[in-house]
């Protein structure tokens with residue numbers, strides 16, 4: 001059975017573009033505003049929700065928060081679409097509300113499809129996991145998005161956590177800079193592929209994890225980053 005994707009977007013053209021990008025692999029349900037989006041989420045229980053951030057009355061961040069507070073919907077991953085000019089402030093608010101990712105408008109159709117599939121795969125993997133990820137004394141809980149080293153909780157930003165989870169889940173394989181920019185930041189790398197963006201986050205992540213675990217994050221020159229296991 002094909003998975004359902006709920007698209008909440010008040011701009012008809014954008015909504016049509018998103019449907020066209022996804023319809024070959026998913027059944028798309030459309031909603032023109034946040035109120036309709038919440039009602040259809042309750043009715044159809046989609047596998048994933050894609051929502052615009054700037055909508056009247058119930059905006060995308062409020063919708064995300066309502067989804068996470070509604071019985072039977074809380075586990076549904078939500079991706080928020082935002083414009084460049086509102087990206088920074090909305091990303092912080094959206095992650096706090098429970099969003100799993102962002103896409104920056106104009107949204108590239110291939111990136112949209114890849115992003116949706118990646119988050120569905122990650123969500124399925126987390127749902128099927130029997131326990132948290134353990135690397136020596138470091139414990140990563142994907143469902144609660146927490147990291148502990150011993151008894152000490154490591155306070156990571158949403159992007160730092162996503163980077164760590166991506167690298168650890170890759171089991172030693174290299175994740176390219178473009179991959180990280182597309183899947184964690186939501187950028188179309190044809191328009192933006194500055195490696196400094198990733199390098200800065202990796203640097204702060206290493207410092208927070210400390211020497212024993214931070215130094216395991218290796219830069220592979222000309223390729224990307226990987227987490228080195230014993």
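Read the figures in this text as sums done on the coordinates, not as results from a lab. This is a predicted model, so every value here is computed, not measured. All Cβ positions, even for glycine, are placed from backbone atoms using ideal geometry, and neighbour counts span all protein chains on display.
For the reader, a short list of remarks on this structure follows.
- Evaluated at q = 0.16, 0.20 Å⁻¹: base-10 log I(q)/I(0), Debye formula over Cα of the range 4-125: -0.66, -1.10
- 104, 116 arranged by Cβ crowding within 10 Å, fewest neighbours leading: 104, 116
- In nm, spacing of pseudo-spin labels at residue 196 and residue 136 (7 Å Cα→C-beta vector): 3.3 nm
- Under the criterion of Cα pairs below 8 Å and six or more residues apart, the relative contact order for the range 130-227 equals 24 percent.
- The range 177-216 and the range 101-124 have Cα centres lying 18 Å from one another.
- In nm, spacing of pseudo-spin labels at residue 23 and residue 39 (7 Å Cα→C-beta vector): 2.3 nm
- Rounded to the nearest 0.05, the FRET efficiency derived from the C-beta distance between residue 71 and residue 169 at R0 = 22 Å is 0.15.
- For the chain, calculated [θ]222 nm from helices alone, where every DSSP H run of n ≥ 4 adds -39500 (n - 2.57): -13000 deg cm²/dmol
- Relative contact order of the range 1-42, taken over Cα pairs closer than 8 Å and 6 or more residues apart, is 49 percent.
- Compared with the dominant principal axis of the Cα atoms in the chain, helix 34-44 is inclined by about 80°.
- Across the range 128-175, the volume of the C-alpha convex hull divided among the residues equals 83 Å³ per residue.
- Percent RCO, i.e. relative contact order, over the chain, from Cα pairs under 8 Å lying at least 6 residues apart: 13 percent
- Nearest 10 degrees, 0 to 90: helix 195-209 Cα axis against the chain principal axis: 60 degrees
- Spin-label pair residue 144-residue 110: with each label point 7 Å from Cα along the Cα-Cβ axis, the two points sit 4.1 nm from one another.
- R0 of 22 Å, Cβ-Cβ distance residue 56-residue 83: FRET efficiency to nearest 0.05: 0.90
- Ordering of 219-227, 74-82 by burial proxy (mean other Cβ atoms within 10 Å per residue, highest first): 74-82, 219-227
- Relative to the longest principal axis of the Cα atoms of the chain, the long axis of helix 12-22 lies at roughly 50 degrees.
- Taking the DSSP beta bridges with both ends in the chain, the antiparallel portion is around 45 percent.
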